[in-house]
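The values are calculated or read from the model by the stated rules, or taken from the named source; none is laboratory data. If you're wondering where the values come from, they're calculated on a predicted model, not measured in any experiment. Cβ coordinates were reconstructed from backbone atoms using ideal geometry, including for glycine residues, and neighbour counts include every protein chain displayed. Remember, those area values only see protein heavy atoms, side chains included, never the ligands or the DNA or RNA. Shrake-Rupley method; radii C 1.70, N 1.55, O 1.52, S 1.80 Å.
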Amino acid sequence: MSEAEQEIYEYSIPNRSLASLRIQPGFVEGVTANGSTFSNLSDALEHLFQNNLEFAIISWNGIPFQLDYQKDIPQLIDGMCPILVSLLQFSEETMTFNMKTPNNGFIWEFQLNNEVVTINGTFERLKGGQENVLNELSLLKMDLYEFMAEWKLLFEQIIHAIEDSQITITSEAALQKVRNIAQLCDRIPNRALRYRYDLRS
């Protein structure tokens, strides 16, 4: 463990763990109900969020970085859904998510053991330039259900945006991804505690 990692694990605030991943979804601007047609989910999401001015924020071991709703979120959703499904099935195989967008480039490697998720991150490029400090804090561990709760509000935003836009998705593969997102929403019992009473969707 590096000196920076040791510091983050030794530093504590009562009732709060800094050694974790937190997801703060942005406010989703009004979605235009124009009935457009798309053959893949990434193009559909990029269209849905074209008016979004806010970012989603990921806090990795207490260090925040931004994800753009048009350029980053579609790839994040596309790549993370199969991993989250596997984690909920208690798969203990090593799984890898590789993010490469114009804004951000990083690799997350997941391992589940005794309902604890271990994520080892390699950060190549981030929009805010925090990759060096994040690579010093590259390892995090979380309770499985606490980790899953971080994703629920973001997934709810995706599902409601698709419903409100009245878009048509034509490929079975893309439709299956939408079903997977909806199923994850249903299977994750609660949002993260700080969003438990947030009325956003």
Considering residues that are over 15 Å from PRO25 (Cα atoms), touching a residue at least 40 places away in the same chain (Cβ under 8 Å) and not in a helix (DSSP H, G or I), the number found within segment 50-84 is 3
Checked LEU112, LEU126, LEU134, LEU139 against criteria (in contact (Cβ under 8 Å) with a residue 40 or more places away in the chain, open to solvent by less than 70 Å² (accessible area, probe 1.4 Å) and touching an Asp or Glu at 6+ places or on another chain (Cβ under 7 Å)); the one match is LEU139
Here, helices (runs of 4 or more DSSP H) confined to segment 86-201 with at least 2 residues that are within 18 Å of the chain's Cα centre (by Cα) and farther than 18 Å from ILE23 by Cα are 144-165, 172-187
Flag if GLY105 is out of contact with any His (no Cβ under 7 Å at 6 or more places or on another chain), over 17 Å from LYS177 (Cα atoms), among the small types (Gly, Ala, Ser) and surrounded by fewer than 20 Cβ atoms within 10 Å (Cβ to Cβ): yes
Checked PHE38, PHE27, PHE49 against criteria (of a type in the set (A, V, I, L, M, F, W, C), open to solvent by 40 Å² or more (accessible area, probe 1.4 Å) and modelled with pLDDT of 85 or more); the one match is PHE27
Practice item. Can you confirm whether segment 72-93 contains a residue that is at positive phi, loosely packed, with under 15 Cβ neighbours inside 10 Å and at pLDDT below 95? Key: yes
Condition set among the hydrophobic types (A, V, I, L, M, F, W, C) and free of Cβ contacts under 8 Å to residues at least 60 places away in the same chain, scope segment 160-183, selection nearest to ASN34 (Cα to Cα): answer is LEU175
